[in-house]
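Structure, as structure tokens:
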Amino acid sequence: YGGYDAYRTHRNVEYTFRLQFFGGKPSPQVITRQLHRLGLRDGEQAYIEDLDTAEPQIVRLDGDTLEVTRGGTPVRDPSQLAFPRAWADMARRTFLLPWNLLDEGIDLESRQERVPPPAGAVPSGPCDVIRCRRVSGPQRTPSDDWEDIYISRMTHLIDRVLDYRAEDHSFRVSIWTDHKSFDGLRVATVRRTYATDASGELGSLEVLTEYDAVRFDAPFDDAIFRPTAPLAASAAPE
């Protein structure tokens, strides 16, 4: 993926994000397209703007500070802020994998080699597996949720991520394809998420996400993450 040292030379990233929600149906039930801008220095920074809509929602995250506007109007109701915060966290965490595996608050455990179920005509072959959990508190208590990251021994790229959520005892598996290079780093630009169980066998297609127009060190500064930044909608990157 270019190496951690190469990743640390970049200060931000910008890309367009397209999500198709299938929910097990044969065709997309919802399609969302957004502009994402992420800070890559210390601390959590994210800017997420809806595209292709007259009144976009804009989410700004700068550490513990969160601002959400819809059509330029600030959202004040706390009950309407939880999901945008979780969405910004998820978008940032997902795009920055695997470089964020070395962040503080992450516990990694090597698992035994596995050969995952096939995701297409070509078998994946043996994979090294790393279990990733978030930890919290002075005792570094691990979360009950986890992600098993499958790294192909043939390509040295992430083949898939098996995700477990303890709250509803659910499993999802995300298949990573279409790796492309941007500014010396590689990104899996297509990720298909399926319902599954502990075995990782593919069930129904739940979500298809695509990353396009990826630019590291894009021409914006950290002010865009702060509530004092201008709220005018911006153009998507070319």
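The values are calculated or read from the model by the stated rules, or taken from the named source; none is laboratory data. Being a predicted model, the structure only gives us computed values, none of them experimental. When we count neighbours, we look across all protein chains shown, and the Cβ atoms used for this are built from the backbone with ideal geometry, even at glycine. Heads up: the accessible areas ignore ligands, DNA and RNA and are worked out on the full protein's heavy atoms, side chains in. Shrake-Rupley method; radii C 1.70, N 1.55, O 1.52, S 1.80 Å.
Quick notes on this one:
- Among Asp77, Asp159, Asp144, the residue with the largest mean-square fluctuation in a Gaussian network model of the chain, with springs joining Cα atoms closer than 10 Å, is Asp77.
- Here r is the Cβ-Cβ distance between Leu102 and Val30 and R0 is 45 Å; the resulting FRET efficiency, rounded to 0.05, is 0.85.
- Relative contact order of the stretch 80-232: 12 percent, from C-alpha pairs under 8 Å at least 6 residues apart in sequence.
- Across the stretch 153-230, the mean sequence separation of Cα contacts (distance under 8 Å, 6 or more residues apart), normalised by length, yields a relative contact order of 20 percent.
- Helix-only [θ]222 nm of the chain, DSSP H runs n ≥ 4, -39500 (n - 2.57) each, per residue, nearest 500: -2500 deg cm²/dmol
- The slack between Arg76 and Asp64, meaning 0.36 nm per residue of separation minus the straight C-alpha distance, is 2.7 nm.
- In loop segments of the stretch 112-151 as defined by DSSP, the trypsin sites (Lys or Arg not before Pro) with at most 12 further C-beta atoms inside 10 Å of their C-beta are Arg140.
- For the stretch 1-88, the list of trypsin sites (Lys or Arg not before Pro) that fall in a loop by DSSP and count at most 14 other C-beta atoms within 10 angstrom reads Arg8, Arg11, Arg41, Arg76.
- Angle in degrees between helix 82-96 and the longest Cα principal axis of the chain, rounded to the nearest 10: 60
- Of Gln45, Gln139, Gln20, the one that fluctuates the most in a GNM where the chain has Cα springs shorter than 10 Å: Gln139
- Cleavage-rule hits, GluC sites (Glu not before Pro), the stretch 175-228, DSSP coil, Cβ neighbours within 10 Å at most 14: Glu201
- If you sort Val30, Val122, Val173 by accessible surface, 1.4 Å probe, largest first, the order is Val122, Val30, Val173.
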